[in-house]
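K.L.:
Here it is: the structure, laid out below.
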Amino acid sequence: MKIKHLTLGAALFAGLSCGTPALAQKGKPLFPDEPGMVSYTYRRSLSKDVAATLDTIKALKVTDMEFSSLFGKTAAEIRKALDERGMKCSSFGVQYDDALNKTQEVGNNAKALGASYVRVAWVPHKGPFTLEMAQKTVEDFNKIGKQLKDEFGLTFCYHNHGYEFEKHGDGTLMDYIIQNTDPKYVSFELDMLWTFFPGQDPAALIAKYPGRFKLMHMKDLKKGVVGNMSGGTPVENDVALGTGQIDIPAVLKAARKAGVKHYYIEDESPSYAAQVPQSIAYLKSLKY
C-alpha cells in the first residue's frame, strides 16, 4: 500500500505550514507550550540512571513526562525524583493485561506518580485485527475505564498503533472502538505516526471526534517509507519532527481545536539524542 502525503489535512487546514503568507502575517506560535516527553524515547538511559536522565530531559526545558515503565524503581521513587526537579508525570502507560487484571495496582501506581491518565498502547492479537477483537477490546476498555475513574479519579486512554484501521462498515475498526466506548470512561491518545502509517489522516481523525483525544504522541515518519497495518516499522524510520512525511502543523491545529491536553514527543530511533532538540526547535518555529 503506498501512502500519499496528507493532502486532506493540508486542504482542511490551509495556511498552517511554514512559510505561507498567513503565517507571516499573524506570527503567533502554533505550539505555545513546552512539549512533554514519553519515557520510551530515553528508555535505554532511564534503565541505567533515572535521575541523570531526568536531568538531561529537564535541561531541554521539558518537565511533563509520560512514563511507560517504572525502570526497576517504585512509583514513589520516580515521583520523588520528578518532584526534586520540578517535573511531573501526567500519564502512566501500562500493558493491556495489567490494566485489565491488575487495575488496582495500576491505579495505585498512577496516583503515586501523580498521573491523571492511564494509557494502554497495544491490544494483544495475532494476524489482522478483527471485529471480534474490537468488540472484546471495547468491553474491556469500558470496564477498565470505569474502575479507574470511579476508584481513582483517573482517565483511561487508548493509544492507537495502526492495526485498528482495518475497514469496517463505512469506516474502520478504530471508528468502531471510539464510537462504542463510553466517553465518560474511555478517552484516546493519538499517535501521529501510527495513524499516518496505515494510510489515515491524523488531523481528520481528531477533527472527527472532538473531545475524545486527550493525549498525543508527536513523531514523524521518514520520507519514502511505505506503510501498512502491521503496527510495526524499524525504529530508524522515526525522524525529527518536520523532516518526515506528516503534516505536523495540520495535526497540531486540529488537536488544539479538539481539546488535546498533553503533547508528548516520542522518538524511538537510535538518533533520539540529536533528533529531540531538532524536534523541539521545530515546534517552537511553527507560527499561525
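The values are calculated or read from the model by the stated rules, or taken from the named source; none is laboratory data. Keep in mind that this is a model prediction, so the values were computed, not measured. Glycine gets a Cβ as well: all are built from the backbone with ideal geometry, and neighbour counts include every protein chain shown.
K.L.:
Does Ala14 fit the bill of being assigned to a helix (DSSP H, G or I), among the small types (Gly, Ala, Ser), over 17 Å from Ile265 (Cβ atoms) and at pLDDT below 95?
P.N.:
no
K.L.:
Would you check which residues across the range 144-164 are farther than 19 Å from Leu205 by Cα and either surrounded by fewer than 16 Cβ atoms within 10 Å (Cβ to Cβ) or touching a residue at least 60 places away in the same chain (Cβ under 8 Å) (or both) and list them?
P.N.:
Hits for the range 144-164 are Asp150, Glu151, Gly153.
K.L.:
Further question on the same structure: Return the residues of the range 253-285 that are hydrophobic (A, V, I, L, M, F, W, C) and over 21 Å from Tyr158 (Cβ atoms); say none if nothing qualifies.
P.N.:
Within the range 253-285, Ala273, Ala274, Val276, Ile280, Ala281, Leu283 meet the criteria.
The rows are residues; the columns are (1) aliphatic (A, V, I, L, M); (2) not in a loop (DSSP other than H, G, I, E, B).
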residue: Glu236; (1), (2): no, yes
residue: Ile246; (1), (2): yes, no
residue: Arg256; (1), (2): no, yes
residue: Tyr264; (1), (2): no, yes
residue: Gln278; (1), (2): no, yes
residue: Ala281; (1), (2): yes, yes
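K.L.:
May I pose another question? Residues in the range 37-58 that are touching a strand residue (DSSP E or B) at 6+ places or on another chain (Cβ under 6 Å) and among the small types (Gly, Ala, Ser): how many?
P.N.:
1
K.L.:
Quick one: what pairs do we get from the range 243-263, first residue on the phi > 0 side of the Ramachandran plot, second at pLDDT 95 or above and not hydrophobic (A, V, I, L, M, F, W, C), C-beta under 9 Å, 6+ apart or different chains?
P.N.:
Hits for this filter: Gly259/Pro210; Gly259/Gly211; Gly259/Arg212; Gly259/Lys214.
K.L.:
Is it the case that Asp220 is surrounded by 19 or more Cβ atoms within 10 Å (Cβ to Cβ) and more than 22 Å from Gly93 (Cβ to Cβ)?
P.N.:
For Asp220, the condition - surrounded by 19 or more Cβ atoms within 10 Å (Cβ to Cβ) and more than 22 Å from Gly93 (Cβ to Cβ) - is not met.
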